[in-house]
Structures are given as C-alpha cells and as structure tokens.
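The values are calculated or read from the model by the stated rules, or taken from the named source; none is laboratory data. Predicted model, so just to flag it, every value in this text is computed and none were measured. Cβ coordinates were reconstructed from backbone atoms using ideal geometry, including for glycine residues, and neighbour counts include every protein chain displayed.
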Amino acid sequence: MTDSNTPEIPQPPAPSERSENADDRQVIQPYVDPEVLAEDARAAERRKHRRRMSHEHIRRIKRKKRIRMVLIVIGALLLTIAALAAWLGLSALKAKNEVEAAIQAASRIQSQVQAGDADKAQASIEAFSQHIDATYAQTKQPVWKLATLVPYYGSDVKATRDMVHILEDVSNNALPKLAKAAQALDFNSIGIKDGTIQLGDMASVAQDLAAANGVVADASVDMGKIGDTHIPQITEAVQQGRSKFKELASLTDAASRLADVLPKMFDLDSSEGSSSGPRTYLVLAQNNAELRATGGIPTAWATLTIDAGKISMSTFGDPPRNGLFSQDEAASVLTAEERNLFSTKMATDYPDINFTPDFPRVADIARQIWHRAGHDGVDGVISVDPVFLQRLLKVAGPVTLSDGTVMSGDNAEQRILNQIYIDTDTQAEQTDFFTMAASEIFTHVLKNVDGKNQQLVQTFQKSVSDGHLYVWSAHEGEQQRISGTTIAGELQSNPAHSVTGVYFNDATMGKMDWYLKREVTSTYDKTYPSGAKQYTIHIKLTNTADAAKVNAAPDLLRGYDHNGNPRTGEIETVLYVYAPDEGRIVDWTQDFDQFAVHDGLTVGVKTVTLRPGESFETTVHVLASPAANENEMILRQTPLVD
C-alpha cells in the first residue's frame, strides 16, 4: 500500500527501451529529498503570510529599530560627555590648585619687597610665574574650549580662561622684569651711609620697572572687566585675583615711579654720564600740637642740600615772615574758593599756609614766601613732623640735646608736642626748643643709621603711608611722576580713584590738640544700580584733657578765644569733609555750618567746641562716582599722632 501523500518518483526507462541512435543521451533525474521540498513549501507559505503584514505593523518595527539606534547613540554620547566631564574636572582641580598657589606667591611679593628681602621676593616671583604657566597649560586644553559652548555655565569657563590668559601675559611679559628689578631694590644697597644716600642699582632698572608696570596695570584693568559667574568658587577666585592684582599693580606703580624719580631728586642720576647737579629742598617741620589739614603749623623751616647723594642741612629756624604776602596780594595769590574756605591768612600768616589739605598748594606758597624773603630758589619742598622724628630715633637710637634733654624713639613726640608747653612760658622759648630739637635729631640720625637700611626704609614707608612725610618737586616732570601717590599729599581729582577727605584745622590758637582724640572710620554700605558706591564715614572727637592740669599750664598751651582771652581747657576745631570727585555728600547726622566747593570737590564744614571730657560724633554718608568701578574708596585724613 502506498501513501497517497507521497509524491511519485518517475522511474528511469528499462534498458531494453533505450534508443539505439548514437545521438541519444542518457538522462539522469536528480534525487530530491521530500523533506527539503516540504521545507520549501512551508517557507513559501511564510513568505506569503509576511507579505500580508499591515503598514502599521511595518512602521512599528521600523520605529523600534530607530529607537534602538537612538538609544545606542545617546548612550555613546553620554559616555563621551562623562569622559569629557571627568577630563575637565580633573584639569579644573589641577588648575584650581595652581591658581591658589600662585595667589599665595603673589601675596608674599609685596611684603617681601617692602621688607627689602630681594632674594625671597625673587623666589616668590618665580614661583608665581611657574604656577601660572601650569594653570595656563591646563586651561588651553581642547576640553576647556569645548566647555565654553555649554549653555549657562559656558560663560563661567570662559571667565576662568580669560583670567588665566591675563595671568599668563603677566607671567611672560612682566614677571621676568620684576625678578630682575627685585635685586636692584635690595635694602642692603639702599639707605644712608656716612651721611650719603645710596640707591644701589635703582636707576638701571627704571625702564624694566616701567615696562613691567605697564603690563601689570593693563592686566589689573582687564581683570576688573571679568564679571561675576554662576559658580561661587569661580567668582571668589576671580575676586581674589582682582584684589591681588590691584596690590601688585600698586606695588609696581610705586616702584616704577621711585626708580624713575629718586635718582634725579637725590642727584644720583648718572644715566647720561653725569649727575643732574646738587639739589636744595625747603624743609617744613610741622607742629601737630596745633592742627592744620596736612598735620600741624609749620613752626620751623630749614634747607636740605643733596650733592651726589651727600646730605647737608641748615639749622632749623623761624619762618621768614618778611616773605609773607600782604592782604591785598593775598586776594590775587589765593583763589576765591581758598579765600572762602580758609581766609586770606593762608597767604598772610605762616602758621596758616597749610589750612588747605592740598600739599602741592602748600609747598608752592611756602616756596614763594621763601624766595620773596631773599633766599635762593629751591628744587622742592619736604614736610616732616615730630612723629616722623620719633620714628627716626627708633632706628638711630636716643640723642641728648644741647640743653640736656634726652630724646628717644619713645618720648620725642610728647616732649616736643606737649611737655615743652607745660615747662615754658614764652613762645620764643617754645619755638627755640622746637627748632633746636628738629635740627639736632636730624644731625644725629644722619650719623647713626649706617647698617640699618631695612629699618630706615620701612620707617620712610610707614611715614609716607600715614601722612607724616610729604614731598613736592619744583621740576614739572618729577612732580607729574609723584602726582597721585601718597607722598604727594594732594587733593585727588580723579573719579576712577575715589577719595573721601576728613581734615581738621585748629581754632583754639593754642597747643591743645595733643589732648584731642580723633577717630575716623569708613565702611562700605551698598552699590546703586548706576554703579555708584555709598560709604559711611563716622567721626568722633574727644577732649581728653584734665581741666585742672591744663588750667594750671601757661596760657600759650590753652590758647585764646576770639576776644583774646585765655581759654579754660576747651578745644575748638574746624572739621572739613570732602566728598569724592564726581561724588557727593548724601546725608549727615550733625548739620554742617557751610557747604562749599574746592577744586571741584564738595566740602562740608563744621566748627566743633569741646570742653574737657566732652565728645562730638557725626555720621556722614558719601557717594563715590560710578567711574570708580571695582576700586574701593580711600579715606584720607589729617595725620594722627602715634
């Protein structure tokens, strides 16, 4: 029996049936496995079924394939981003560490230069450069550039790269010159020896310092243009960078000016093969026991001559009264603003020439008076006071004056500014003592500071910074280089560098200001949308005198009232508050007696009278110009007694 479902397989013909013809060929039929045929049939059926799938089904299949591909791409992208983020994170950490190390090195440079430690300063400069180079090597990598394209935080990365690029420019173009100059500013070669000023190689590095200062100053400006970021740590780093660069810019600016000016002023400039010739300066010794805006009344005058660094000084004496201006002359010598604020006494009475807080103006009037009295012209004017003299004695050691008085670095101020007015009755005795003390202290110092260069230079630095030493040059080019520095003691008319001034003039007509305690502070308040910053100025004056003791002292100590009668312990003081240039006085807690304008600056004036033990306080808000930008306001005031 056969299976009806099994196909029949044809059988080959029997041999007897083959053709005898020679052209006949044997035909062999291949054997095909039935299972193969069955599988082919099933495959054909499946193909037939597939062709019948709907379009929607086909779309679903394709969609799944696309999703699978997208996920693969996203996964690859995420892995790439993660790798880049890790790369950027590691690089940023290295950059952060290098920047922090660079800032630490920069912080040391200023103190080391001021201390005259050239070797350490040079090492800090080199360390700063190395750390900045390492930071730049990190931020110039491609991953940092890619990161700047990231939305929102890309600007932060750009700010970081900009800051590092600025630092790299300084590292390449300024620090090598500063490192070279540091050795020339070594205090071991700067000072006074055998009465001769020594400046080492200062003149030779003036050009290097000027070039370095230009790069650092530009960098400081560019750093100020980098705004805040979205990341507090980056904002803090940028702010630290700005702050340190302001300090570095201030240091290089001062060093550049000094290297340019001092060799000429001290007759030590041999850049053209010969010195510029001897210099003679008028020296004013101010007496802080009777306050004036720049310190105190200029009680004693002398001349200081410098010939190839060699110092010689005349004996201090009374001011030349025969050189003073008449009342009529004062009307043309003084401006209308000066006459309004300070009266014509600023030109007619020598104790009042420094009613104004503008020392260049004081110096010019003093020079004119000196010349009108028949003296030769001078190359400049220098102002000193007993605070400066006492500091010099700390360096040189004590001195016994010709009258037997022992002056030291601890008692000179009290002896000169107070005790002499208790011990003597006449103005002539008091003036003689003041002039004698000033002369003999200077002579002693010149002979006893050899080998004490570091202490001496630091004393000069401190006295310049707090207003106990001012210098004005009659040579226009030199004065331009001095202008804008603390030693110039000038009114600041530059809105980009805001200064608030708080100055005092005595109206007691005695020597009671030894007992006047002055406390003046400045605090930042807020910044307006315009960019203008507001500050709080707090002023407190206290009469610390013991009424019984001062009333037992000579009348010349206590002073006289406006009717010429001896006072009984009160201190009368005229207070001046100068607003910043292009700024204003916003409000105040104690009414001013007058508002005026001086050289374009708004001034509030108030007279205060205090009995022994009484105090006066006022709070004044001032507004600085928006042009100041990130520059903080500076508070300048009449110098304080130590």
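Scan segment 480-518 for residues that are closer than 30 Å to Ala627 by Cβ, out of contact with any helix residue (DSSP H, G or I) (no Cβ under 9 Å at 6 or more places or on another chain) and free of Cβ contacts under 8 Å to residues at least 40 places away in the same chain and jot them down.
Gln480
Which is assigned by TED's automatic domain parsing to the domain that holds Pro360, among the hydroxyl-bearing types (Ser, Thr, Tyr), surrounded by fewer than 22 Cβ atoms within 10 Å (Cβ to Cβ) and in contact with a Lys or Arg (Cβ under 8 Å, 6 or more places away or on another chain), of Thr431, Thr405, Thr435, Thr424?
It is Thr405.
Looking for something closer than 20 Å to Lys606 by Cβ and modelled with pLDDT of 95 or more - is there at least one such residue anywhere in segment 473-495?
No, every residue in segment 473-495 fails to be closer than 20 Å to Lys606 by Cβ and modelled with pLDDT of 95 or more.
In segment 518-551, what residues are more than 29 Å from the chain's Cα centre (by Cα) and surrounded by fewer than 20 Cβ atoms within 10 Å (Cβ to Cβ)?
Thr542, Thr544, Asp546, Ala547, Ala548, Lys549, Asn551
May I ask you to say which residue of Asn172, Asn213, Asn188 is in a helix (DSSP H, G or I) and modelled with pLDDT of 85 or more?
Going through Asn172, Asn213, Asn188 in turn, the sole match is Asn213.
Quick one: which of Ala102, Ala127 is in contact with a helix residue (DSSP H, G or I) (Cβ under 7 Å, 6 or more places away or on another chain), modelled with pLDDT of 65 or more, part of a helix (DSSP H, G or I) and under 17 Å from Ile166 (Cβ atoms)?
Ala102
Scanning segment 383-430 for residues that are among the β-branched types (Val, Ile, Thr), in a helix (DSSP H, G or I) and over 23 Å from Asn551 (Cβ atoms), which turns out farthest from the chain's Cα centre (by Cα)?
My answer is Val395.
May I ask you to list the residues in segment 181-199 that are in contact with a helix residue (DSSP H, G or I) (Cβ under 7 Å, 6 or more places away or on another chain) and either over 21 Å from Gln454 (Cα atoms) or surrounded by fewer than 19 Cβ atoms within 10 Å (Cβ to Cβ) (or both)?
Across segment 181-199, the qualifying residues are Gln183, Asn188, Gly195, Gln198.
Among the helices (runs of 4 or more DSSP H) contained in segment 289-350, which hold 1 or more residues that are crowded, with 21+ Cβ neighbours inside 10 Å?
336-342, 345-348
Filter segment 137-169 for residues that are among the β-branched types (Val, Ile, Thr) and at pLDDT 75 or above; which is surrounded by the most Cβ atoms within 10 Å (Cβ to Cβ)?
Val164
Could you run through segment 453-473 and say how many residues are surrounded by 19 or more Cβ atoms within 10 Å (Cβ to Cβ) and of a type in the set (D, E, K, R)?
Of the residues in segment 453-473, 0 are surrounded by 19 or more Cβ atoms within 10 Å (Cβ to Cβ) and of a type in the set (D, E, K, R).
Would you list the strands (runs of 3 or more DSSP E) that sit entirely within segment 576-642 and hold 3 or more residues that are without any contact (Cβ under 8 Å) to a residue 60 or more places away in the chain and closer than 30 Å to Ser220 by Cβ?
The qualifying strands (runs of 3 or more DSSP E) are 584-588.
On the given criteria, is Ala300 in the same structural domain as Ile109 (by TED's automatic domain parsing) and in contact (Cβ under 8 Å) with a residue 24 or more places away in the chain?
no
Just one of the numbered conditions (1) buried (at least 20 other Cβ atoms within 10 Å of the Cβ); (2) over 23 Å from the mean Cα position of the chain (by Cα) is not true of Glu490; which one?
With (1) buried (at least 20 other Cβ atoms within 10 Å of the Cβ); (2) over 23 Å from the mean Cα position of the chain (by Cα) applied to Glu490, the lone miss is (2).
How many residues does segment 313-342 contain that are touching a Ser or Thr at 6+ places or on another chain (Cβ under 7 Å), touching a residue at least 40 places away in the same chain (Cβ under 8 Å) and polar (S, T, N, Q)?
Adding up the residues that qualify gives 1.
Is it the case that some residue within segment 553-567 is buried (at least 17 other Cβ atoms within 10 Å of the Cβ) and among the polar types (S, T, N, Q)?
no
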